[in-house]
């Protein structure tokens, strides 16, 4: 079966097609090696990154923007969101500080994306 | 108070312009920012996807801003936040007000306009119906959610499939809202393909193309939004109405460059871009006043804003160092818009100042497949380049080498797009 995948790695958004039976040999439409890897991984096990905010006290704003600093399995997105919701940090925070390590045992940390 | 270069706006454009001006030896540089902190709209764009061109890595909006803010320290650039510019005069006096400094007049050797843009509202697109609460611009909702920490609704419909609309569809979904659909007037989306994939398809949010909102119902809070299909002239087709029970309607229906103070300075505005008419160094029609970023024309990617702002900052520094326009005005070549071309930036080029090449950014007005971009002077084709697909939503870049201007020999240059079979 032929499958069409839109690459999400960069703004080009390449349309990549592959045969689900023989993906390695049939994958076409990518314009960089990362695109090829993305399409193959999307077929086997889709991964995503997400961003959100956590509560912060003693800062100029009530919310601190955060992100996962690596890929997480797509099916864990909403579970990770629930973990992020439990976090509350105190100012000052530096960009890159870990606010929640190894979220749900994924090996990925939730980190601050700005100073506050 | 006098500064060699004053930058109006401390978002991505203003930050890059100020930094580049200082690096190029402009001397004293001041950034005026109306918000309480630098970074502009990037602060609320907490999603990833910025910086791939400029930093060669994926950053979130706040991270992208943070890098520029960090780079300011040690440059000697002064910053005034919470400061609103009210008026700029053609002789480069800036009148501004803040609660700390009160009313002030700042004289500038050169000015960089970097005020960004604002969102079109319900009024701008005349959606009929009642006037309940619950109708927001997508960017306002983004600010409430990501900076203030308020969810503005639970059952959401989004009008407009530009990137802000798509990003907010995902963001509201992640925070527990039910996003019923994204509705788009045009027969194609105006957002990036990857945002359709990762913001809508990932969460099974339907996209209705060639549809629009034709009625808004609700006494105090929004209760229902009516969506109709439109014909090829964008007229709603009777009998196609679908009623959505929603408490929130987000509008992502276009951006307008904020040029109010540009106009007080006498800067000529291009009605195609709603931004200033500029030359290749980003100088407006008023000598010593430059413009860059979304106040000049609305960009797709912040990376391109940074690149353009650096040109404006460099232009301002050169203007200061040369005590005027380097080499004088000289001969000016206008860039004319041919078939399918909506606008170009710059709109004019100082021919004698072209060193090796200049970059021209432009947008097409329609979707064009198998396109050929022709650069012409009169009937002579000076250059041609193929594009597989051109979309109004995607800004195009064209490099015009010096030899094109030599070949034009003083004639205006037209940029036109034809279909491949017509080109033969």
Checklist entry - Helix-derived [θ] at 222 nm for the protein assembly as shown: sum -39500 (n - 2.57) over DSSP H runs of at least 4, divide by residue count, nearest 500? => result -5500 deg cm²/dmol
Checklist outcome for this item: In whole µm²/s, the translational diffusion coefficient that Stokes-Einstein assigns to the range B:1-108, given a Kirkwood hydrodynamic radius over C-alpha pairs, 37 °C and 0.692 mPa s, equals 227 µm²/s
Next on the checklist: Sort B:144, A:38 by Cβ crowding within 10 Å, fewest neighbours at the top.
Outcome noted: B:144, A:38
Checklist entry - Quick one: of the DSSP bridges fully inside the protein assembly as shown, what percent are antiparallel, nearest 5? => result 65 percent
Checklist entry - For residue B:89 and residue B:121, what is the calculated FRET efficiency with R₀ set at 41 Å and r taken between the beta-carbons, to the nearest 0.05? => result 0.85
Item to check | Cα pair distances of the range A:5-116 binned at 5 Å [whole percent] | outcome: 2, 12, 20, 15, 13, 12, 11, 7, 5, 2, 1, 0
Checklist entry - By how many nm would the segment from residue B:370 to residue B:97 lengthen if fully extended, with 0.36 nm per residue of separation less the alpha-carbon distance? => result 93.1 nm
Item to check | Cα-only Debye scattering, the range B:311-364: base-10 log of I(q)/I(0) at q = 0.21, 0.23 Å⁻¹ | outcome: -0.88, -0.99
Checklist entry - For the range B:318-424, what size does the Cα cloud have along each of its three principal axes, sorted from largest down, in whole Å? => result 49, 28, 18
Next on the checklist: Using 10 Å bins from zero, what percent of all Cα-Cα pairs in the range B:212-324 falls into each bin?
Outcome noted: 13, 28, 19, 18, 15, 6, 1
Checklist entry - Which three extents, in whole angstrom, do the alpha-carbon atoms of chain B cover along their principal axes, largest first? => result 64, 63, 38
Checklist entry - Averaged over A:105-116, how many beta carbons belonging to a partner chain fall within 10 Å of each residue's beta carbon? => result 3
Next on the checklist: Under the rule a/c < 1.5 gives rounded, and otherwise a/b versus b/c splits prolate from oblate, where does the range A:51-112 land using the Cα gyration tensor?
Outcome noted: prolate
Checklist entry - How would you rank A:90-102, B:406-418, highest first, on the average number of other Cβ atoms within 10 Å across their residues? => result B:406-418, A:90-102
Checklist entry - Using the alpha carbon gyration tensor of the range B:46-137, what are the three equivalent-ellipsoid semi-axes (square root of 5 times each eigenvalue), largest first, in whole Å? => result 31, 27, 13
Checklist outcome for this item: Per its Cα gyration tensor (rounded if a/c is under 1.5, else prolate when a/b beats b/c, else oblate), the range A:2-44 is best filed as prolate
Checklist entry - Does the range B:127-201 come out rounded, prolate or oblate, given a ≥ b ≥ c as the square roots of the eigenvalues of its C-alpha gyration tensor, rounded meaning a/c under 1.5 and, failing that, prolate meaning a/b above b/c? => result oblate
Checklist entry - For labels at residue A:75 and residue A:26 in the simple 7 Å Cα→Cβ model, what's the distance in nm? => result 2.4 nm
Next on the checklist: Can you give me the C-alpha center-to-center distance between the range B:364-424 and the range B:230-303, rounded to a whole angstrom?
Outcome noted: 24 Å
Item to check | Whole-Å semi-axes of the ellipsoid equivalent to the protein assembly as shown (Cα gyration tensor, √5λ, descending) | outcome: 37, 31, 25
Next on the checklist: How tilted is helix B:302-321 with respect to the longest principal axis of chain B? Cα atoms for both, answer in degrees (0 to 90, nearest 10).
Outcome noted: 20 degrees
Next on the checklist: Could you tell me how far the Cα centroid of the range B:154-182 sits from the Cα centroid of the range A:1-79, in Å?
Outcome noted: 19 Å
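Read the figures in this text as sums done on the coordinates, not as results from a lab. Only a predicted model underlies this, so the values are computations on that prediction, with no experimental measurement involved. Cβ atoms come from the backbone with ideal geometry, glycine included; neighbour counts cover every protein chain shown.
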